[in-house]
Amino acid sequence: MARVRMRDVAEHAGVSVRTVSNVVSGYTHVSEATRARVQRSLDELGYKMDYLARGLRSGRTGFVALAVPFVVEPYFAALAQAVIQAAARRGITVLVESTGGDREVERRILAGGLTNVADGVLFSALTVPAADVPPTGPDFPLVMLGEHNVGDHLPRVGIDNVAAARTAVEHLLAQGCRRIVALGLNGSENGRQRAEGYQQALSAAGVRRVNWLVEPVADWTRAQGYATVRRLLEGSGPLPDAIFAFNDALAVGALRALDASGVRVPDEVAVVGVDDIPECAYTHPPLTSIAPDLDVIAERALSLLDAQTRGASRPGGTGTGTGPHTTGVTCDDAADGGESGGREGAREDTSEGTSEGAQHWAGASEATPFRLVVRESSRRPPTAK
């Protein structure tokens with residue numbers, strides 16, 4: 001049976017090959033009626049994209065790498081899923097690498113260790129310092145994810161950590177809490193920023209410094225949250241009336257420690273976390289948390305990576321890539337010759353500006369929206385205030 005080509009789909013749907021290419025590639029600026037008509041023809045004819053041929057013609061692999069510290073952690077698992085889904089809409093496959101937060105592994109990635117298998121890298125670093133990055137940045141497409149800063153000259157996407165922490169603590173203050181523990185200082189950039197937001201909120205509310213309670217931890221795990229809060233509860237000082245945990249894993253451990261000690265949540269101690277992992281809805285009581293918009297993070301990161309791959313100038317360096325074609329919006333199978341239009345068929349993504357609620361860092365970096373999801377762990381009745 002002859003392979004169905006893009007020109008066959010175009011004739012069947014009564015549109016141009018370029019339109020079929022845009023639909024297959026997930027290009028957004030196609031009317032819903034046209035997209036539906038083309039999709040019906042794709043389904044009826046059984047068209048399959050030849051990604052190998054497309055890669056040979058474009059000089060691209062069709063893969064991007066996503067490097068995260070721990071794939072077993074719920075936040076990074078959810079982030080990976082969001083990136084995979086966003087990439088699939090662009091016709092891209094995601095290769096996931098776990099670094100374990102190891103500095104040498106992270107350094108190898110910044111040195112191009114994944115570029116032999118991928119066109120670009122989305123990188124959530126944990127430990128590598130800015131000194132390990134060349135002043136002009138890596139010579140391959142790279143977008144940093146999260147708040148670990150390895151240089152303002154690198155594109156970066158994530159939430160505003162300071163504002164997120166401030167929002168969480170302001171919520172606890174509004175519930176009448178004044179002795180609020182900041183749980184999670186560990187020497188990381190994330191921890192430093194969340195501690196800064198905590199301090200800003202307390203200072204603005206006029207809370208005395210004697211009640212600024214910062215509890216360090218070795219790492220952001222359930223076990224550390226449990227052990228640290230148990231030790232805090234067994235101490236001789238007065239009990240806190242709230243805990244702001246720097247991530248949800250710490251908060252889950254804190255909830256378990258409070259329950260084991262017979263402390264009522266939220267009546268005696270309210271708890272708030274960060275990340276809004278799925279587990280938050282099923283803890284006892286359900287956990288209030290700061291929810292980053294992972295779908296927006298994934299889309300913006302891929303757009304910034306795409307701009308580099310197409311050859312746009314990167315902040316702090318020169319352009320990368322070989323030409324002005326768009327990730328996921330490229331040519332037809334090589335066997336179709338030039339009929340699909342190739343780069344001519346790739347139209348510029350005009351949504352490159354800001355997403356709602358976003359603010360820009362230096363260069364092309366972007367802070368994405370977040371929201372506070374209030375659940376029973378911090379929702380105090382009026383009589384408890």
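The values are calculated or read from the model by the stated rules, or taken from the named source; none is laboratory data. In this text the structure is predicted, and so the values were computed from the model without any measurement. Neighbour counts run over all protein chains shown; Cβ positions are idealised from the backbone, glycine included. Surface areas here come from the heavy atoms of the whole protein model, side chains and all, with no ligands, DNA or RNA. Shrake-Rupley method; radii C 1.70, N 1.55, O 1.52, S 1.80 Å.
Quick look at the numbers
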item	result
Selected residue (criterion: nearest to Gly146 (Cα to Cα)) from residues of region 221-235 that are in contact (Cβ under 8 Å) with a residue 12 or more places away in the chain and open to solvent by less than 60 Å² (accessible area, probe 1.4 Å)	Thr221
Every residue from region 257-293 that is open to solvent by 30 Å² or more (accessible area, probe 1.4 Å) and closer than 18 Å to Glu73 by Cα	Asp276, Pro278, Glu279, Ala281, Tyr282, Asp293
Test: residue in region 221-242 that is in a loop (DSSP other than H, G, I, E, B), of a type in the set (D, E, K, R) and in contact with a helix residue (DSSP H, G or I) (Cβ under 8 Å, 6 or more places away or on another chain)	no
Subset of region 193-205 (residues that are out of contact with any strand residue (DSSP E or B) (no Cβ under 8 Å at 6 or more places or on another chain) and open to solvent by 60 Å² or more (accessible area, probe 1.4 Å))	Glu196, Gln200, Ser203, Ala204
Total residues in region 82-106, condition more than 26 Å from Asp275 (Cα to Cα) and not in a loop (DSSP other than H, G, I, E, B)	1
Residues located in region 127-143, provided they are within 13 Å of Val105 (Cα to Cα) and within 21 Å of the chain's Cα centre (by Cα)	Thr127, Val128, Pro129
Looking only at region 73-87, and only at residues there that are in contact with a strand residue (DSSP E or B) (Cβ under 8 Å, 6 or more places away or on another chain) and free of Cβ contacts under 8 Å to residues at least 60 places away in the same chain, the one that is farthest from Asn22 (Cα to Cα)	Phe76
Inter-residue pairs, beta-carbon under 9 Å, first closer than 16 Å to Pro138 by Cβ and in region 91-116, second assigned to a strand (DSSP E or B) and among the acidic types (Asp, Glu), 6+ apart	Val105/Glu97; Ile109/Glu97; Gly113/Glu97; Leu114/Glu97
Set Asp139, Asp119, Asp160, Asp152: member being out of contact with any helix residue (DSSP H, G or I) (no Cβ under 8 Å at 6 or more places or on another chain), of a type in the set (Asp, Glu) and buried (at least 19 other Cβ atoms within 10 Å of the Cβ)	Asp160
Subset of region 206-220 (residues that are among the aliphatic types (A, V, I, L, M), within 19 Å of Gly273 (Cα to Cα) and buried (at least 17 other Cβ atoms within 10 Å of the Cβ))	Leu213, Val217
Scan of region 236-254 for residues that are out of contact with any Leu (no Cβ under 6 Å at 6 or more places or on another chain) and either open to solvent by 40 Å² or more (accessible area, probe 1.4 Å) or of a type in the set (A, V, I, L, M) (or both), ordered by number	Ser236, Gly237, Pro238, Leu239, Ala249, Val252, Ala254
Residue under evaluation Leu255, criteria (1) part of a loop (DSSP other than H, G, I, E, B); (2) more than 30 Å from Met144 (Cβ to Cβ), criterion not met	(1)
Region 94-114: number of residues that are open to solvent by 60 Å² or more (accessible area, probe 1.4 Å) and in contact with a helix residue (DSSP H, G or I) (Cβ under 7 Å, 6 or more places away or on another chain)	2
